[in-house]
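Presented below is the structure to which this report refers.
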Amino acid sequence: MRIVLDTNAVLDLLHWHNAELDPLARALAEGRAQLLCDAACLRELRTVLRYPKFGLDETAGAALYAAYLALIEELPVPEQADATLPRCRDREDQKFFDLAVRSGAALLVSRDRAVLRLGRHRLCPTTLKVVAPPALTALLE
């Protein structure tokens, strides 16, 4: 199963070790899931890892980033965004939805209400589920 995580979901998985993402961690370990990312999403993660509120020094931030890189398949960023896709109210979150659609991902995992709303949009591909972490148990186990 191909999956896109927004930045907060990455932190939930690798920094906070949130139990809601345990089904994803197991699916990754068992080879049943593949995380997808691109340069735009990685850029945001690198920026967020430097925020003092997460308590990560440079070494810990680099280790978390390297751990994430080991889990992902990095895809190219298109030269132009697909103008036919629904638009997220938060422009900074659009990249995750675009990546999920472009890559044919089955899941986009986010807690962000604006992102979750995109999953209910009539133009959202029926093959993509945009879900919050609590839904992962039913979808991955």
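Coordinate-derived values only; no laboratory data. This one's a predicted model, so the numbers in the text were calculated from it and none came from an experiment. All Cβ positions, even for glycine, are placed from backbone atoms using ideal geometry, and neighbour counts span all protein chains on display.
Details
- Size descriptors for the chain: radius of gyration and Dmax over Cα atoms are 14.4, 43 Å.
- On the principal axes of its alpha carbon atoms, the range 21-64 extends 33, 22, 15 Å, with the longest extent given first.
- Phi angles of the range 40-50 translate, via the Karplus equation with coefficients 6.51, -1.76, 1.60 and θ = phi - 60°, into HN-Hα couplings of 5, 5, 5, 4, 5, 4, 4, 5, 5, 5, 8 Hz per residue; Gly and Pro are given as x.
- Here each label is just a point 7 Å from Cα along the line to Cβ, and for Arg87 and Thr126 those points are 2.7 nm apart.
- From the alpha carbon centroid of the range 1-32 to that of the range 44-106 is 14 Å.
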